[in-house]
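The values are calculated or read from the model by the stated rules, or taken from the named source; none is laboratory data. Computed from a predicted model, the values in this text were never measured in an experiment. Note that we place each Cβ from the backbone using ideal geometry, even for glycine, and neighbour counts take in every protein chain shown.
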Amino acid sequence: MLIAVVLFASGCSSPTQEVENETGGMVEEVTEGAGDIAEEAEDIAGENKTETVPDKNIVQTAEDAGSFKTLVTAIKAAGLEETLSGEGPFTVFAPTDEAFAALPAGTLDSLLKDKEALTRVLTYHVASGKYMAADVVDMTSIKTLEGSELPVDTTEGVKVGDANVTATDIEASNGVIHVIDKVLIPPE
């Protein structure tokens, strides 16, 4: 059976295939060209030499996830949708809807009415560059688009500022999203 799969795989001429990612979006999986039978068997056995290239940007990926509705609304209200849909790459520490709901009463409404303050808060959640979880755990801080350094603490789990990182490495075509459980407020 394995040989049949290998022969079939080596006979396929398309270097890409569409697969569904963890957020339900379609991504194009780029595969290496056909090699010898032993190399193909290794690929199928789990030592795969493919690279998954997501087809949705950070904003689209956040929208599709369903747990970032407030974040996406805030991004649009701040006028950051075009930037975060652009080339990047970006690393976004994305607060969930629950994190926004935990803000003191009136805070979110005030931010949504003050574009400058909202932009400052949101850009404190974004770094230029694509930093996967393996990169972040080796850092003590990360420079944000807002301009401040966001502290990283790995003594008990992973924290950025005072927020716990609850999920990591949600890839987008222009960067990566790490989920956090609090909205980060930049230093004065």
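Quick look at the values:
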{"quantity": "Total residues in the stretch 97-154, condition charged (D, E, K, R), surrounded by 13 or more Cβ atoms within 10 Å (Cβ to Cβ), farther than 20 Å from L84 by Cα and in contact (Cβ under 8 Å) with a residue 60 or more places away in the chain", "calculated": "0"}
{"quantity": "Elements of type strands (runs of 3 or more DSSP E) in the stretch 143-188, at least 1 residues being hydroxyl-bearing (S, T, Y)", "calculated": "163-172"}
{"quantity": "Qualifying positions in the stretch 71-96 - buried (at least 23 other Cβ atoms within 10 Å of the Cβ) and over 15 Å from A172 (Cα atoms)", "calculated": "L71, I75, P95"}
{"quantity": "Residues satisfying the stated conditions in the stretch 51-70, i.e. crowded, with 23+ Cβ neighbours inside 10 Å and in contact with a Ser or Thr (Cβ under 8 Å, 6 or more places away or on another chain)", "calculated": "I58, V59, T61, F68"}
{"quantity": "Pairs, first under 13 Å from Y131 (Cα atoms) in the stretch 163-188, second part of a strand (DSSP E or B) and modelled with pLDDT under 95, C-beta under 6 Å, six or more apart", "calculated": "E171/P54; A172/P54"}
